[in-house]
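The values are calculated or read from the model by the stated rules, or taken from the named source; none is laboratory data. All values derive from a computational prediction rather than experimental measurement. Quick reminder, even Gly has a Cβ in these numbers, built from the backbone with ideal geometry, and neighbours come from all protein chains shown. Remember, those area values only see protein heavy atoms, side chains included, never the ligands or the DNA or RNA. Shrake-Rupley method; radii C 1.70, N 1.55, O 1.52, S 1.80 Å.
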Amino acid sequence: QKEVEQNSGPLSVPEGAIASLNCTYSDRGSQSFFWYRQYSGKSPELIMSIYSNGDKEDGRFTAQLNKASQYVSLLIRDSQPSDSATYLCAVHSNAGGTSYGKLTFGQGTILTVHP
Amino acid sequence: GAGVSQSPSNKVTEKGKDVELRCDPISGHTALYWYRQRLGQGLEFLIYFQGNSAPDKSGLPSDRFSAERTGESVSTLTIQRTQQEDSAVYLCASSPNIGYGYTFGSGTRLTVV
């Protein structure tokens, strides 16, 4: 079982729609959760971080965390063609072991927003 | 500096040569990470440094790979006797401490011919 799994995609949504990106993780000791956006040929860029259960909103982006279900999601409202990118979920565990100290990344979901 | 700086941005080398990649993290960031990303693939952890602690080298793929960091500043990743499978983008990132989100540099694209 992969430590961090994302919906495989690619995901295609029309402009103006809500894009929903999902991520599950296996380590119950995980405490910090991040979403990165990576445009083709560019390096990943941190867009959201979330540490406690519930929703966190930042502009058109909402991160949702449910630790009991080991699930974190990213919603993008009013999607724009400029949101087309690969979205990476990343998780950090404070529980020690081999994952401690570094983020574990999912494989990413490719999002395409078409006009 | 304002961001994580990596150099060179591109490097083409012949198989069997050694290469050195440099990363200058954000000032004050105690944690520094190296990742590799092959074309169309995910991020592969290589090594991280945290303050004066011993580095976590668990991701280095072979003994041809090594990295150093001077205090809480510049890091260099060295690949000896490069092979074609080493071709990838090498990304450096830093964070204020472990458990925080990373800021990535723009990467070094290494091509071994």
TODO: Please average, across the residues of A:101-114, the number of beta carbons from any other chain that are within 10 Å of each residue's own beta carbon, and give a whole number.
DONE: 4
Task: Cα gyration tensor shape for region A:27-81, rounded if a/c is under 1.5, else prolate or oblate - done: oblate
Task: Gap separating the Cα centres of region B:1-58 and region A:2-54, nearest whole Å - done: 23 Å
TODO: Pop out a list of residues from region B:95-113 that are at least 30 Å² less accessible with all the protein chains around than in their chain alone; 1.4 Å probe, no ligands or nucleic acids counted.
DONE: B:ILE98, B:GLY99, B:GLY101, B:TYR102, B:PHE104
Task: Surface share of carbon and sulfur [accessible, 1.4 angstrom probe, percent] for chain A - done: 48 percent
Task: Coil-residue chymotrypsin sites (Phe, Trp or Tyr not before Pro) of region A:1-87, DSSP, other Cβ within 10 Å capped at 14 - done: A:TYR39, A:TYR51
- [ ] Enter the buried accessible area of the A/B pair, total of both sides, probe 1.4 Å, in Å² rounded to the nearest 100.
- [x] 1400 Å²
- [ ] Go through region B:27-56 and flag every residue whose accessible area shrinks by 50 Å² or more with all protein chains in place compared to the isolated chain (probe 1.4 Å).
- [x] B:LEU43
Task: Accessible surface, the protein assembly as shown, averaged per residue in Å² (probe 1.4 Å) - done: 47 Å²
Open item on the list: Just to be sure I follow the rule: in the protein assembly as shown, considering lysines 8 or more places apart or on different chains, how many pairs have Cα atoms under 27 Å apart?
Closed with: 19
- [ ] Return the loop-located chymotrypsin sites (Phe, Trp or Tyr not before Pro) in region B:39-72 (DSSP other than H, G, I, E, B) with at most 10 other Cβ atoms within 10 Å of their own Cβ; answer none if there are none.
- [x] none
- [ ] Report which residues of region A:29-59 become buried by 50 Å² or more of accessible surface when going from the isolated chain to the complete set of protein chains (1.4 Å probe; DNA, RNA and ligands ignored).
- [x] A:SER43, A:PRO44
TODO: With the full set of protein chains in place, find how many percent of the accessible area of chain B is carbon and sulfur; take the probe as 1.4 Å.
DONE: 44 percent
